[in-house]
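A short write-up of the structure that comes next.
The values are calculated or read from the model by the stated rules, or taken from the named source; none is laboratory data. It should be emphasised that the depicted structure is a prediction, and the values quoted were computed from it without experimental measurement. Here the Cβ is made from the backbone with ideal geometry for all residues, glycine too, and neighbour counts use every protein chain on show.
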Amino acid sequence: MEEKFVLYLIVFFAVLIFVALIMFSLENGIGTGTIKQGYTHMLSISASGSAYNKSAEAQISVTMNGTGQTSALAVQNLSSTLNKFNSTAYRFLNGNYSLLATTYYSVYKPYSYYPCIPYAGAGGIMIPCKENTTQTNQSNYVAVEEVTVTLPNINNVSAFLGAMGSIPNVYVTSTYPMLSDKQATMLRSEALAAALANATSQAKALIGNNTILSTNITVNNYYIYPYAYSTGGGTLAVSNGNATPTTTISPQFYGGLNKVTESITAIFYYGNR
């Protein structure tokens, strides 16, 4: 019985010593991931970074219409225009019609609306007009379709705009340079690296010689900014004082640069050296 008591006593003291060693190591910062109490500081900084590149693609909005005395004829005429558009666009899309997307389609008959305004008759007596009436603006129906085109090669935009201009009832409403998915991913990485470098330089300027022990980063948002672009047209020559078109020049499209900006919040944990 006495031997068991001595054994229990030895185990008790061993456990006590082990616990004391653990508490000592925690108190003095010994061990992975522990920092001595009183030497932990936190600094939160918001920063942004940007990266630039030329756009590889372009997005173009095209509107087409067709008219007819019936809605069926209007749709038929629109379909004829659409077939011409498809055959022309085909060579710019490498045969990939998934790069075309219809964003709007409508068949309607235009109307003009006239308000009801009472007027003074004989003897100044006010004569009420009829209820608000509508009057047909034109006898034809109109079919309209809007299509978004994604050109995989921005260098073909000028030729595409010129080709669209030669098709009746086809109108280009907007043209924007656009980054490819690969470009956007690459530029986001570069912008994030620039944002982190920006935040780190600010942190070092503020904490001086203190050592940065770890950093926690939160990505707030990112923006893609298309830079300015422009399109050109034809020229006019003056003959006998009258301006007459003499030369057709293909439209000129300038994609310029795209800028990707990342915004982050970085929390720096640091301790005294």
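Conditions (1) among the small types (G, A, S); (2) within 20 Å of the chain's Cα centre (by Cα); (3) assigned to a helix (DSSP H, G or I), marked per residue:
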position: E145; (1), (2), (3): no, no, no
position: T148; (1), (2), (3): no, yes, no
position: A163; (1), (2), (3): yes, no, yes
position: I167; (1), (2), (3): no, no, no
position: Y171; (1), (2), (3): no, no, no
position: S174; (1), (2), (3): yes, yes, no
position: A184; (1), (2), (3): yes, yes, yes
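Evaluate the stretch 207-217: report whether one residue or more is surrounded by fewer than 15 Cβ atoms within 10 Å (Cβ to Cβ) and part of a helix (DSSP H, G or I). No, there is no match, as no residue in the stretch 207-217 is surrounded by fewer than 15 Cβ atoms within 10 Å (Cβ to Cβ) and part of a helix (DSSP H, G or I).
The set of residues in the stretch 243-273 being modelled with pLDDT of 80 or more and β-branched (V, I, T) consists of V260, T261, I264, T265, I267. Quick one: would you say Q69 is touching a residue at least 40 places away in the same chain (Cβ under 8 Å) and assigned by TED's automatic domain parsing to the domain that holds S166? It is true that Q69 is touching a residue at least 40 places away in the same chain (Cβ under 8 Å) and assigned by TED's automatic domain parsing to the domain that holds S166. Considering the conditions (1) in the same structural domain as P152 (by TED's automatic domain parsing); (2) at pLDDT below 90; (3) not in a loop (DSSP other than H, G, I, E, B), N94 is excluded by exactly one of them, (3). Residues in the stretch 164-188 that are surrounded by 13 or more Cβ atoms within 10 Å (Cβ to Cβ) and among the polar types (S, T, N, Q) were compared, and the one that is nearest to F268 (Cα to Cα) is Q183.
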